[in-house]
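To keep things clear, I will list the structure first and then write my remarks on it.
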Amino acid sequence: MFIDYISFMKLNIKSILFLVLLSGSTVALAQTNALKGNPVITDKYTGDPAAMVFNDSVYLYVGHDEAAANATFYAMNEWLVYSSADMITWKAHPSPLSTKAFSWAKGDAWASQVIERNGKFYWYVAVEHALGGKAIGVAVSDSPLGPFKDALGKALITNEMTTAVKISWDDIDPTVIIDEGQAYLFWGNSACYYAKLAESMTTLKGDINVVNGLTNFTEAPWIHKRKGWYYLSYAVEFPEKIAYSMSRNINGPWIYKGILNELAGNSNTNHQSIIDFKGKDYFIYHNGGRDSGGSSYRRSVCIDRLYYNKDGTIKRVIMTTEGLKK
Ligand code: FUB
């Protein structure tokens, strides 16, 4: 039986009812904090934050949620970038990339991540392929602010290349890391895939593998490394919480460590990124709490602190409306 992305994600009716209850109270809270604290990005609705630390700044790449009020699915045509030197004041820049840059794609500016290598910036994005199915493309620029252009002229990953699950949207949500000179791309929905990237950053090197040990994996993988530990955080179930697994080796085995972030107010996803900036750790995510027009398809980026335990495990995130303190 064919089942589309949103029907598939909506299967857990009990959880949806819980989210509806939760969302009513959270919107009310968020309204009083619209201009200060969380959400931190309020000039536009934004989702799927992917932060990159470069020199003394953080660049925050997001998808632009353009859905109308009461929409029941995403309307996303472009990505946006914001920058900050202190994580509190964010400067909006002109959109450096839209789905139109990918001639082979037909839309859907879904989750993405940018990484720097040898002075160039590579932006891995999920889009809808013109021939059907979600696909991953890569754009390149000489500046973190763009302009970015399609680096390949075709998709890097297509639906036919991944077969662990028989859905058309398993090739979404790319996350990238360079570890001891080797770049790795992780991505997925329902199955989490990973592969090495060639030095060029625009072709795969070797096979596509499936990551095991990610209990209840839904989507939104984010890979990072700290003090000899690899961390894969990711969305579980639907509506989504964020959980994580740890490993001493990027090839696994991955050990499930539990929930990292609870359901985010008024949004069925909360897609995270995790960074260390100037010695402090941050959890960057989205909720639907900018104002009474916020929703699962009109999201807003929030930032709270992240704290590690001595053994390398991560303390559960406390989402706040106050946001970060100076
Ligand atoms: O923004 C579209 C989709 O919503 C992303 O690809 C998922 O991670 C979820 O946040």
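All of the numbers you see were taken from the coordinates with simple rules; none came from a lab. Small disclaimer: the values here were computed from a predicted structure and weren't measured. Note that we place each Cβ from the backbone using ideal geometry, even for glycine, and neighbour counts take in every protein chain shown.
Rounded to the nearest 0.05, what FRET efficiency is calculated for Lys205 and Asp86 with R0 set to 35 Å and r the Cβ-Cβ distance? So the FRET efficiency works out to roughly 0.40. Across the chain, the longest piece that holds none of the GluC sites (Glu not before Pro) lying in DSSP loops with up to 10 other C-beta atoms within 10 Å covers 1-179.
Using C-alpha pairs under 8 Å with a sequence gap of at least 6, the mean separation divided by the residue count of region 159-268 gives a relative contact order of 17 percent. Taking every alpha-carbon pair under 8 Å whose residues sit at least 6 apart, the chain reaches a relative contact order of 18 percent. With Rh defined as the Kirkwood radius, the inverse of the mean 1/r over Cα pairs, the Rg/Rh of region 200-326 is 0.99. Taking other Cβ atoms within 10 Å as a rough exposure proxy, Ser267, Ser57 sort from fewest to most as Ser57, Ser267. Say the cut-off is 25 Å between C-alpha atoms; which of Lys36/Lys120; Lys106/Lys205; Lys134/Lys196; Lys166/Lys257; Lys100/Lys278 go over it? As for pairs spanning more than 25 Å Cα to Cα, those are Lys36/Lys120; Lys106/Lys205; Lys166/Lys257; Lys100/Lys278. Selection among Asn118, Trp254, Ala155 by position relative to the dipole of the chain gives Trp254 as farthest towards the positive end (Cβ unit charges, Cα centre). Sorting Arg299, Arg226, Arg290 by the number of Cβ atoms found within 10 Å of their own Cβ, with the fewest placed first, yields Arg226, Arg290, Arg299. Of Thr269, Thr218, Thr313, which is the most mobile in a GNM of the chain whose springs link Cα atoms less than 10 angstrom apart? Maximum fluctuation in the GNM of the chain, among the listed residues, is at Thr313. Would you mind counting up the charge near Pro39? Only other residues with Cβ under 9 Å from its Cβ, with Lys and Arg at +1 and Asp and Glu at -1. My count for the surroundings of Pro39 gives +2. Shown here for region 259-326: chymotrypsin sites (Phe, Trp or Tyr not before Pro) in loop regions (DSSP other than H, G, I, E, B) with at most 14 other Cβ atoms within 10 Å, namely Tyr307.
Between Asp56 and Val165, how high is the FRET efficiency from 1/(1 + (r/R0)^6) when r is the Cβ-Cβ distance and R₀ = 56 Å? Nearest 0.05. Efficiency, rounded to the nearest 0.05: 0.85. When Met246, Met76 are arranged by Cβ crowding within 10 Å, least crowded first, meaning fewest neighbours, the order is Met246, Met76.
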